[in-house]
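Asker: Following this message is one structure expressed as structure tokens.
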Amino acid sequence: MKNNIQIAIDGPAAAGKSTIAKLAAEELGYTYIDTGAMYRAITYKAIERDIDLENEEALTQLLLETKIDLRPSVNGQLVFLDGEDVSDAIRSNIVTSSVSAVAAHATLREEMVKRQLKMAESGGVVMDGRDIGTHVLVDAELKIFMSASVDERAKRRQLDNERRGIDSHVEQLKKEIAERDKMDSERQASPLVQAKDAIYLDTTELSIMEAAQHIIQLAKERMS
Ligand code: CDP
Ligand code: CDP
């Protein structure tokens, strides 16, 4: 019986990855790592510093000088950038529409992956993102590729935005989500793609609880 396994969850925007990953991690007593928050944090800093988002060298250098901490809290995971809580700031529209351009740079990704591997060193871990099963936790015992219809994902993101007081419209969100998925899937450096050994999980008709329970069940099978 193996108690601590690695669970990799990838998939397109707003499929439910972070919500479900966090729940599954809590239930299993594992560390949860939201890699999207790390890409969002460096994008936020680059925008603040007015750095050209096409400048791979400048962005990679910026990341090397930047501390990004993910800390669990009762209200979900908090994100600290050089000691400052940026958990809400990294969800703004400007960060959301810029992050895929930043995440496309290969050398920046290399540094991110190094950090993610270090974070995953001890104990059980649930990590979610775009390249976790294909490039980060390549030997993860359980890999999930999570998706949902684009209509459902846009509706969910709209509700998220409402809760955060961000103004948005479903049709516009649908367009933005599709564009971001396209950029993430078509980039050269570790694009969003289902790992050969990943299980496909469509959450369109699933509640958060149902999806989390499904993953926990699969994890328990991998442990025994
Ligand atoms: O939560 P949402 O689906 O909107 O996105 P996220 O998980 O916060 O990720 C934001 C962006 O970071 C993605 O659209 C990707 O461009 C990038 N990302 C990535 O390239 N690789 C990862 N492992 C995680 C995120
Ligand atoms: O991390 P990712 O972008 O894949 O998605 P998320 O931020 O976890 O989920 C987007 C929104 O969909 C959140 O508000 C979730 O609570 C919601 N959700 C849902 O209503 N039903 C599901 N089965 C999964 C997520």
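The values are calculated or read from the model by the stated rules, or taken from the named source; none is laboratory data. Note that the structure is predicted; figures quoted are calculated from it, not measured. Don't worry about glycine lacking a Cβ; one is built from the backbone with ideal geometry, like all the others, and counts go over all protein chains shown.
Asker: Given Ser168, Ser122, Ser190, Ser185, which one is touching a His at 6+ places or on another chain (Cβ under 8 Å) and of a type in the set (Ser, Thr, Tyr)?
Answerer: Exactly one residue qualifies, and that residue is Ser190.
Asker: How about segment 1-95: which strands (runs of 3 or more DSSP E) wholly inside it have at least 3 residues that are touching a helix residue (DSSP H, G or I) at 6+ places or on another chain (Cβ under 6 Å)?
Answerer: By residue number, 6-10, 31-34.
Asker: Which of the numbered conditions does Arg130 fail, given that it passes all the others? Conditions: (1) within 15 Å of ligand 1 (Cβ to nearest atom); (2) free of Cβ contacts under 8 Å to residues at least 40 places away in the same chain.
Answerer: Only one criterion is unmet by Arg130, namely (2).
Asker: Do we have Gln116 as surrounded by 20 or more Cβ atoms within 10 Å (Cβ to Cβ) and part of a helix (DSSP H, G or I) here?
Answerer: Against the criterion (surrounded by 20 or more Cβ atoms within 10 Å (Cβ to Cβ) and part of a helix (DSSP H, G or I)), Gln116 qualifies.
Asker: Further, regarding this structure: Hey, among the residues in segment 156-189 that are without any contact (Cβ under 8 Å) to a residue 24 or more places away in the chain, over 30 Å from Glu56 (Cβ atoms) and assigned to a helix (DSSP H, G or I), which one's nearest to ligand 1 (Cβ to nearest atom)?
Answerer: Asn161
Asker: Go through segment 99-113 residue by residue and tally those that are more than 16 Å from ligand 2 (Cβ to nearest atom) and either surrounded by fewer than 20 Cβ atoms within 10 Å (Cβ to Cβ) or among the small types (Gly, Ala, Ser) (or both).
Answerer: Counting residues in segment 99-113 that are more than 16 Å from ligand 2 (Cβ to nearest atom) and either surrounded by fewer than 20 Cβ atoms within 10 Å (Cβ to Cβ) or among the small types (Gly, Ala, Ser) (or both) gives 7.
Asker: Hey, another quick one. Considering only segment 211-222, I want to know if a residue exists there that is part of a loop (DSSP other than H, G, I, E, B), within 14 Å of ligand 2 (Cβ to nearest atom) and at pLDDT 95 or above.
Answerer: Scanning segment 211-222, I find no residue that is part of a loop (DSSP other than H, G, I, E, B), within 14 Å of ligand 2 (Cβ to nearest atom) and at pLDDT 95 or above, so the answer is no.
Asker: Just the residues that are more than 13 Å from ligand 1 (Cβ to nearest atom) and either of a type in the set (A, V, I, L, M, F, W, C) or in a helix (DSSP H, G or I) (or both), please, taken from segment 190-204.
Answerer: Ala198, Ile199, Leu201
Asker: It is to be established whether one or more residues within segment 205-213 are more than 16 Å from ligand 1 (Cβ to nearest atom), exposed (fewer than 13 other Cβ atoms within 10 Å of the Cβ) and more than 27 Å from Arg91 (Cβ to Cβ).
Answerer: Checking segment 205-213: not a single residue is more than 16 Å from ligand 1 (Cβ to nearest atom), exposed (fewer than 13 other Cβ atoms within 10 Å of the Cβ) and more than 27 Å from Arg91 (Cβ to Cβ).
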